[in-house]
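J.: I have a structure I would like to understand better, so I am pasting it below and will then ask my questions one at a time.
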Amino acid sequence: MDINAVVAHYIKLRDEIKALRERHKEELAPMQADMATIEAALHKHMHDQGVQSLKTQAGTPYISEITNIKVTDWEAALQQIINTQQWDLLYRNVAKRAFLDSGKELPGIETSVIQKVNVRRS
């Protein structure tokens with residue numbers, strides 16, 4: 001196997017994929033902008049009509065809600081969770097970077113390492 005040729009081909013493919021993604025991004029931009037304009041117009045129309053959906057022969061636009069949360073005061077939130085014992089509100093996780101940087105082992109923590117081949121330009 002000619003490793004030099006294999007690596008060169010790999011880098012060529014990676015560059016072509018990157019260029020293709022950029023072209024697609026550029027080609028999709030006007031369509032995505034047009035769709036956003038249509039979504040805004042449909043949202044306004046449904047809001048003005050006081051409806052959550054509109055059934056048409058072509059399809060059904062409808063309004064859905066997405067809820068995001070953000071902790072703005074961790075200490076206050078944590079204290080309330082402790083006081084009310086609402087442990088299900090906490091996400092069980094350990095900060096990977098801090099754990100690895102500590103160099104210490106913790107009971108109940110298991111690490112695994114996956115090896116992956118990467119290629120960089122010379």
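J.: Based on what the data block shows, is residue 88 loosely packed, with under 10 Cβ neighbours inside 10 Å, more than 30 Å from residue 7 (Cα to Cα), of a type in the set (Asp, Glu) and over 25 Å from the mean Cα position of the chain (by Cα)?
T.: no
One line per residue, one yes/no per condition, for (1) hydrophobic (A, V, I, L, M, F, W, C); (2) closer than 28 Å to residue 118 by Cα; (3) touching a residue at least 40 places away in the same chain (Cβ under 8 Å):
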| position | (1), (2), (3) |
| --- | --- |
| 3 | yes, yes, no |
| 10 | no, yes, yes |
| 18 | no, yes, no |
| 42 | yes, no, no |
| 56 | no, no, no |
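J.: Ok, one more. Out of (1) surrounded by 10 or more Cβ atoms within 10 Å (Cβ to Cβ); (2) assigned to a loop (DSSP other than H, G, I, E, B); (3) not polar (S, T, N, Q), the odd one out for residue 110 is which?
T.: For residue 110, the exception is condition (1).
J.: Could we say that residue 52 is surrounded by 10 or more Cβ atoms within 10 Å (Cβ to Cβ) and either more than 30 Å from residue 120 (Cβ to Cβ) or without any contact (Cβ under 8 Å) to a residue 40 or more places away in the chain (or both) here?
T.: So residue 52 fits the description; yes.
J.: If I go through region 1-31 residue by residue, how many of them are under 30 Å from residue 62 (Cβ atoms) and either surrounded by 11 or more Cβ atoms within 10 Å (Cβ to Cβ) or in contact with a strand residue (DSSP E or B) (Cβ under 6 Å, 6 or more places away or on another chain) (or both)? Full working, then the answer.
T.: Of the residues in region 1-31, the ones under 30 Å from residue 62 (Cβ atoms) are 24-25, 27-31.
Imposing the further condition that a residue be either surrounded by 11 or more Cβ atoms within 10 Å (Cβ to Cβ) or in contact with a strand residue (DSSP E or B) (Cβ under 6 Å, 6 or more places away or on another chain) (or both) reduces the set to 28.
Residues meeting the conditions: 1.
J.: If you don't mind, there's one more thing I want to ask. Going by the structure shown, is residue 23 in contact (Cβ under 8 Å) with a residue 40 or more places away in the chain and basic (Lys, Arg)?
T.: Working: in contact (Cβ under 8 Å) with a residue 40 or more places away in the chain: no; basic (Lys, Arg): yes.
No, not satisfied.
J.: While we're looking at this one, here's another question. Kindly indicate whether residue 23 is of a type in the set (Lys, Arg) and touching a helix residue (DSSP H, G or I) at 6+ places or on another chain (Cβ under 8 Å).
T.: For residue 23, the condition - of a type in the set (Lys, Arg) and touching a helix residue (DSSP H, G or I) at 6+ places or on another chain (Cβ under 8 Å) - is not met.
Values in this text are rule-based calculations from the coordinates and carry no lab data. Everything numeric in this text was worked out from a predicted model, so none of it was measured. As a convention, Cβ positions derive from the backbone with ideal geometry for all residues, glycine included, and neighbour counts pool all protein chains shown.
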